[in-house]
């Protein structure tokens, strides 16, 4: 019975990781239109000036200079956004942050539950780490495959409806 409970916790925890990853991908994909404003503003502002490679001879100085340049560039892009685009960006980042926090919390639960299973069977530590990596890759892979499949279905339906409209005789 102990093994059944350990495996149930393991599977449940990893489903809690897979769910928020998938939901985040779906919701962020739906908000893709809002990212167009960022692309437009970045194109309007132009490319970020590059830091001279000579500064990397003094890595701490180069790091500080690079951070300042990035901050100034982000501010210029942000200033080029319309009020509606800023609102969309804030909503987009809030959704992304929320789902990232949920997935991170679920991942820590999954680490604990994975450890419980590994401890139950007295598996070596390296196998525990491999299992974590495989399960996380499986969760991410599931999300990628499902989102890609959804896009293919929608694109196929659009092509079919467009082809059907074009072939009808007046």
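Expected output is a single nm value to one decimal: the length gained when fully extending between residue 82 and residue 155, i.e. 0.36 nm times separation in residues minus the C-alpha distance. What is it?
That pair, residue 82 and residue 155, stretches by 23.3 nm at full extension.
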How high is the FRET efficiency from residue 73 to residue 121, r the C-beta distance, R0 35 Å, rounded to 0.05? 0.10
Where a ≥ b ≥ c are root eigenvalues of the Cα gyration tensor, a/c under 1.5 meaning rounded, otherwise prolate if a/b exceeds b/c and oblate otherwise, region 64-112 counts as oblate
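Sorting 128, 89 on the 10 Å Cβ count, fewest up front, what's the list?
Numbers: 128 16, 89 19.
With the fewest neighbours first, 128, 89 line up as 128, 89.
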I need the semi-axes of the equivalent ellipsoid of region 4-50: take the C-alpha gyration tensor, multiply each eigenvalue by 5, square-root it, list largest first in whole angstrom. 41, 13, 4
Candidates (1) 1.09; (2) 1.50; (3) 1.03; which is the computed Cα Rg over 2.2 N^0.38 Å? (2)
How are the C-alpha pair distances of region 111-167 spread across 5 Å bins, as whole percents from the shortest bin up? 4, 17, 15, 12, 9, 8, 8, 6, 7, 5, 5, 3, 2, 0
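In percent, how large is the relative contact order of the chain, given Cα pairs closer than 8 Å and 6 or more residues apart?
Details: 103 pairs, mean separation 70.8, N = 170.
This gives 42 percent for the chain.
Tell me what the chain gives for mean residue ellipticity at 222 nm when only DSSP H runs of n ≥ 4 count, each as -39,500 (n - 2.57), the sum divided by the residue total, rounded to 500 deg cm²/dmol. Can you show the working numbers first?
Values: 5 runs with 145 residues, N = 170.
It lands at -30500 deg cm²/dmol.
Any read-out appearing in this document is the output of simple, stated calculations on the displayed coordinates, not a laboratory observation. Bear in mind the structure is a predicted one, so any value in this text is a computation, not a measurement. Because the Cβ atoms are built from the backbone with ideal geometry, glycine has one as well, and the counts that use them run over all protein chains shown.
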